[in-house]
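Below is one structure, written out as structure tokens; comments come after it.
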Amino acid sequence: MSGTPVAEMTFEQAMAELEQVVGQLERGDVALEDSIRLYERGAELRKRCDQKLKEAEEKVAAITLDADGNAAGTKPLDAG
């Protein structure tokens, strides 16, 4: 596992570490206490991935298109 705090990870970093955590848990070759620690870390990583995906979706939703379908700018997220 990396020493990077989860809150500072990019989506890609969090996803890569989450895959490692899941792999370790699936193998089942870790002690109970380590399994609990891995599960907790995995939950934090999943939450970070969800957060980064939501941010990306909001950015994409804010892109406005011109009549030809080209990106023309952005609109405020609260605009309908």
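The values are calculated or read from the model by the stated rules, or taken from the named source; none is laboratory data. On a predicted model such as this, the values are computed, not experimentally measured, just so you know. Ideal geometry is used to build each Cβ from the backbone, glycine not excepted, and the neighbour counts take in all protein chains shown. Ligands, DNA and RNA are excluded from the accessible area calculation, which covers all protein heavy atoms including side chains. Shrake-Rupley method; radii C 1.70, N 1.55, O 1.52, S 1.80 Å.
None of MET1, MET9 is touching a residue at least 24 places away in the same chain (Cβ under 8 Å) and open to solvent by 100 Å² or more (accessible area, probe 1.4 Å) except MET1. How about the range 22-53: which of its residues are over 18 Å from the mean Cα position of the chain (by Cα) and open to solvent by 70 Å² or more (accessible area, probe 1.4 Å)? Of everything in the range 22-53, those that are over 18 Å from the mean Cα position of the chain (by Cα) and open to solvent by 70 Å² or more (accessible area, probe 1.4 Å) turn out to be GLU26, ARG27, ASP29, LEU32, GLU33, ILE36, ARG37. Considering (1) surrounded by 11 or more Cβ atoms within 10 Å (Cβ to Cβ); (2) in a loop (DSSP other than H, G, I, E, B), the lone condition that ASP68 does not fulfil carries the number (1).
Residues in the range 45-67: is at least one among the polar types (S, T, N, Q) and over 24 Å from GLU8 (Cβ atoms)? Yes, because at least one residue in the range 45-67 is among the polar types (S, T, N, Q) and over 24 Å from GLU8 (Cβ atoms).
On the basis of being in a helix (DSSP H, G or I) and touching a residue at least 40 places away in the same chain (Cβ under 8 Å), does LEU18 make the cut? In short, no.
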